[in-house]
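Working notes, beginning with the structure itself.
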Amino acid sequence: MTMTTLSNDAATASRPNVFLRSAPRGTGDEFNTLFTAEAIEFLVDLVTHFDRKVDQLYYARSIRKYELKQNPKIPKFFKSYVTKSKWEIAPVGKRAEKRHVDLGDVSPSNLDHFSTALRCKVDGVQVDFDDGHCPTWKNQIIGLYNVYKAVRSELPNVPAISQAPILMLRPRAWNMIEHNMSINGKEVPGPLLDFGLLAFHNAKILFECESGPYFYLSKLEGASEAKLWNDIFVWTQFRLRIPHGTIKACVLIENILSSFEMEDMLFSLKDHSLGLNCGIWDYAASIINKFGNEKSFVLPDRNKYVNMNRHFLKRYMELVVQICHKRKAHATGGMAALLLPEDKNSKKSNTVVSKVLEGKLAEIKMGVDGFIIYDVGLVPHVNDLWKYHGGPDPNQISYPGVRTEVSVADLLKLPTGGITVDGVRHNISVAILFIFHWFQGMGHFSYKGAVEDSATAEISRSQIWQWIRHGATFEDSGQMLTRELVLRYSSEILDDLIAQYGVNFETKLQLYTARDLFMDIVNHREFPEFITTYLNDTHVFRRLSANL
């Protein structure tokens with residue numbers, strides 16, 4: 001149904017005007033289960049109560065963006081009484097003390113993938129409505145409904161929720177707007193719709209099962225935004241009549257500005273914290289986002305020069321461990337995106353396993369309390385890694401981290417190097433394929449032995465934009481990367497992608513459209529903040545997603 005509530009007389013003047021788009025084809029039962037009168041009332045109250053604060057968040061981001069552009073300044077660590085005083089986060093639930101291995105990019109709209117993840121011997125599942133998920137209206141309904149069923153232990157061949165891995169529910173980030181619902185003439189922020197329905201339908205059950213509710217919070221840009229989420233949690237707990245501190249959340253430090261306010265972010269959420277998480281590609285892309293107009297911040301070929309062994313990323317993870325463990329919070333590492341080949345006994349498979357374990361062992365030695373992987377075939381290998389190298393405790397919080405102080409210069413000491421043809425073509429391919437898969441209603445895909453999602457799409461298109469903007473040169477030839485050359489490469493890549501993916505006229509047309517949108521994004525005069533926002537707001541995606 002499409003629902004509107006109009007107020008025309010004095011008696012009903014205070015009632016909100018609500019628009020809710022009807023159920024996508026074939027999802028009527030799921031839609032009606034989620035959008036009950038009580039759930040809609042809860043959503044309306046949540047959104048209207050925080051409307052002013054959410055607008056202030058958006059205004060603050062806009063002001064900061066133009067201040068940085070007009071007068072670029074190197075950020076400083078946020079110093080306050082919080083950083084100087086003694087405090088610790090509130091204890092986490094017993095099941096959340098051990099968070100060695102989470103499965104990532106698990107979109108609950110894909111029931112097979114979601115069910116497989118819930119059967120795995122891991123500590124948590126990142127139930128993803130963000131980086132690894134495409135937010136078509138149908139995907140939102142199906143994904144939220146599958147979580148509803150999982151929490152009630154109603155999914156076939158899946159353990160009871162109290163025995164399954166803990167659900168780490170990841171709503172959309174603040175940059176995403178839900179176009180299918182509006183309240184008082186304003187479209188609803190995507191994270192509030194996701195969080196509101198997840199909390200309303202599942203929080204009490206998860207609390208009673210000592211299994212949450214637990215959340216991942218994406219793309220926060222500072223302590224004020226963490227404070228807003230804390231206010232939302234407090235309000236929700238009061239409204240749902242669950243104890244204060246029941247809701248817990250792990251903040252993903254995916255933005256360079258957040259790295260300077262991590263201690264205050266933890267403090268803002270200290271009654272509701274599950275610690276902080278490191279994410280390499282969104283974090284690297286945010287440096288281009290915030291400082292990309294400055295030539296001194298050009299990031300070289302990511303495949304060749306950008307990894308967790310590089311100074312700026314290694315020190316960033318060390319800082320996360322230092323701050324988290326100082327405040328008795330979990331510090332978790334990023335996602336291993338490599339995929340095992342079909343032949344699990346092949347030399348190639350052994351190479352993948354060795355590479356993943358080498359990287360994750362380095363993170364364990366740095367003091368992380370857990371990390372994320374994608375391929376379920378890696379689960380026994382990383383579980384053994386923790387068994388033999390993780391120590392006797394469920395976490396490493398007792399380890400204080402490196403003794404040396406992490407400086408501003410450490411976090412902004414980017415690797416030197418140029419660009420390569422392979423790196424340029426790889427970035428172009430990932431970005432075009434990400435857009436194409438969004439047209440298919442998919443938020444992640446496999447490509448050349450790794451899983452790609454919005455995080456890798458962000459760094460891919462960001463680097464191309466930056467390299468064009470500053471005339472980056474190829475290491476071998478000294479040739480400058482130009483808009484014309486990117487167009488030539490993208491046309492050649494498009495031919496290859498059409499041969500591989502163009503099964504009919506419609507998919508061929510979508511690939512052409514994906515290439516054209518990619519070229520638009522990387523040639524914008526002003527850097528588009530998020531590729532997902534750009535796509536979500538385009539008419540072509542909204543038209544296609546309406547039919548998915």
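Read through the list (1) within 27 Å of the chain's Cα centre (by Cα); (2) buried (at least 20 other Cβ atoms within 10 Å of the Cβ), then give the number of the only condition that ARG543 fails.
Single failed check for ARG543: (2).
Just to check your reading of the model, which residue among ASP264, ASP271, ASP282 is touching a Phe, Trp or Tyr at 6+ places or on another chain (Cβ under 7 Å) and not aliphatic (A, V, I, L, M)?
ASP264
Given the options ILE166, ILE161, name the one that is open to solvent by less than 50 Å² (accessible area, probe 1.4 Å), hydrophobic (A, V, I, L, M, F, W, C), touching a residue at least 40 places away in the same chain (Cβ under 8 Å) and farther than 21 Å from THR332 by Cβ.
ILE161
Inside region 98-143, can you point out the residues that are in contact with a Ser or Thr (Cβ under 9 Å, 6 or more places away or on another chain), in contact (Cβ under 8 Å) with a residue 24 or more places away in the chain, open to solvent by 10 Å² or more (accessible area, probe 1.4 Å) and not in a loop (DSSP other than H, G, I, E, B)?
TRP137, LYS138, ASN139, ILE142
Which is aliphatic (A, V, I, L, M), crowded, with 17+ Cβ neighbours inside 10 Å and touching a Cys at 6+ places or on another chain (Cβ under 9 Å), of VAL356, VAL320, VAL352?
Being aliphatic (A, V, I, L, M), crowded, with 17+ Cβ neighbours inside 10 Å and touching a Cys at 6+ places or on another chain (Cβ under 9 Å) holds for just one of VAL356, VAL320, VAL352, which is VAL320.
Does ILE232 qualify as being under 22 Å from the mean Cα position of the chain (by Cα), under 30 Å from ALA203 (Cα atoms) and surrounded by fewer than 24 Cβ atoms within 10 Å (Cβ to Cβ)?
Against the criterion (under 22 Å from the mean Cα position of the chain (by Cα), under 30 Å from ALA203 (Cα atoms) and surrounded by fewer than 24 Cβ atoms within 10 Å (Cβ to Cβ)), ILE232 qualifies.
If GLU529 satisfies every condition in (1) among the acidic types (Asp, Glu); (2) open to solvent by less than 70 Å² (accessible area, probe 1.4 Å); (3) modelled with pLDDT of 95 or more but one, which is the exception?
(3)
Would you pick out the residues in region 384-405 that are open to solvent by 50 Å² or more (accessible area, probe 1.4 Å) and closer than 24 Å to LEU338 by Cβ?
Within region 384-405, ASP384, LYS387, TYR388, HIS389 qualify.
Only one of GLU492, GLU458 is of a type in the set (D, E, K, R) and surrounded by fewer than 16 Cβ atoms within 10 Å (Cβ to Cβ). Can you tell me which?
Values: GLU458 fails: surrounded by fewer than 16 Cβ atoms within 10 Å (Cβ to Cβ).
Answer to the selection: GLU492.
Regarding GLU221, is this residue open to solvent by 10 Å² or more (accessible area, probe 1.4 Å) and in contact with a Ser or Thr (Cβ under 9 Å, 6 or more places away or on another chain)?
no
Can you tell me how many residues within region 262-274 are open to solvent by 10 Å² or more (accessible area, probe 1.4 Å) and part of a loop (DSSP other than H, G, I, E, B)?
Result for region 262-274: 2.
Looking at region 56-97 only, could you name the residues that are free of Cβ contacts under 8 Å to residues at least 60 places away in the same chain, in a loop (DSSP other than H, G, I, E, B) and of a type in the set (Lys, Arg)?
Selection gives LYS73, LYS79, LYS86.
Can you pull out every residue in region 381-414 that is of a type in the set (Val, Ile, Thr) and assigned to a loop (DSSP other than H, G, I, E, B)?
Once the filter is applied, which keeps residues that are of a type in the set (Val, Ile, Thr) and assigned to a loop (DSSP other than H, G, I, E, B), region 381-414 yields ILE397, VAL402, THR404, VAL406.
Go through region 311-345 and report how many residues are among the polar types (S, T, N, Q) and out of contact with any strand residue (DSSP E or B) (no Cβ under 6 Å at 6 or more places or on another chain). Don't jump to the end; show me each part of the working.
As a first pass, look at region 311-345 and keep what is among the polar types (S, T, N, Q): 322, 332, 345.
Right, trim to out of contact with any strand residue (DSSP E or B) (no Cβ under 6 Å at 6 or more places or on another chain) and you get 322, 345.
Going through region 311-345 one residue at a time, the tally reaches 2.
Which ranges mark the helices (runs of 4 or more DSSP H) fully within region 275-380 that have 2 or more residues being free of Cβ contacts under 8 Å to residues at least 24 places away in the same chain and farther than 15 Å from HIS100 by Cα?
The helices (runs of 4 or more DSSP H) meeting that bar are 347-366.
Yes or no: ALA203 within 19 Å of the chain's Cα centre (by Cα) and within 30 Å of VAL82 (Cβ to Cβ)? Full working, then the answer.
Numbers: within 19 Å of the chain's Cα centre (by Cα): no; within 30 Å of VAL82 (Cβ to Cβ): yes.
So ALA203 fails the test.
Just to be sure, is SER460 in a helix (DSSP H, G or I) and hydroxyl-bearing (Ser, Thr, Tyr)?
yes
Considering each residue of region 119-155, count those that are closer than 23 Å to LYS219 by Cα and among the hydroxyl-bearing types (Ser, Thr, Tyr), and give that number.
Looking only at that region, the number is 1.
Test each condition in (1) open to solvent by 40 Å² or more (accessible area, probe 1.4 Å); (2) over 22 Å from ASN139 (Cα atoms); (3) more than 24 Å from the chain's Cα centre (by Cα) for ASP520 and report the one that comes out false.
(3)
Scanning region 235-261 for residues that are among the β-branched types (Val, Ile, Thr) and buried (at least 23 other Cβ atoms within 10 Å of the Cβ), which turns out nearest to VAL92 (Cα to Cα)?
Filtering first and then ranking leaves ILE247.
If I filter region 415-455 down to residues being small (Gly, Ala, Ser) and assigned to a loop (DSSP other than H, G, I, E, B), which single residue comes out as surrounded by the fewest Cβ atoms within 10 Å (Cβ to Cβ)?
Looking at residues that are small (Gly, Ala, Ser) and assigned to a loop (DSSP other than H, G, I, E, B), I get GLY449.
Since ILE205 meets every condition but one in (1) surrounded by 23 or more Cβ atoms within 10 Å (Cβ to Cβ); (2) at pLDDT 95 or above; (3) of a type in the set (A, V, I, L, M), which condition does it not meet?
Unmet condition: (1).
Which of the residues belonging to region 35-84 are open to solvent by 60 Å² or more (accessible area, probe 1.4 Å) and of a type in the set (A, V, I, L, M)?
ALA37, ILE63, ILE74
Does ALA431 meet the test of being touching a helix residue (DSSP H, G or I) at 6+ places or on another chain (Cβ under 9 Å) and within 29 Å of ASP301 (Cα to Cα)?
When the stated conditions are applied, ALA431 passes them.
Give region 323-349 a look and list any residue that's closer than 20 Å to VAL125 by Cβ and either open to solvent by less than 20 Å² (accessible area, probe 1.4 Å) or not hydrophobic (A, V, I, L, M, F, W, C) (or both), or say none.
HIS330, ALA331, THR332, GLY333, GLY334, ALA336
Just checking, how many residues over region 198-209 are within 15 Å of MET168 (Cα to Cα) and assigned to a helix (DSSP H, G or I)?
The initial filter retains those residues of region 198-209 that are within 15 Å of MET168 (Cα to Cα), namely 198-199, 202-203, 205-207, 209.
If we keep only those that are assigned to a helix (DSSP H, G or I) as well, we get 198-199, 202-203, 205-207.
Matching residues across region 198-209 total 7.
The values are calculated or read from the model by the stated rules, or taken from the named source; none is laboratory data. All values reported here derive from a predicted model rather than from experimental measurement. Heads up, the Cβs are rebuilt from the backbone with ideal geometry, glycines too, and the neighbour counts pull from every protein chain shown. Side chains included, ligands, DNA and RNA excluded: accessible areas come from the protein's heavy atoms. Shrake-Rupley method; radii C 1.70, N 1.55, O 1.52, S 1.80 Å.
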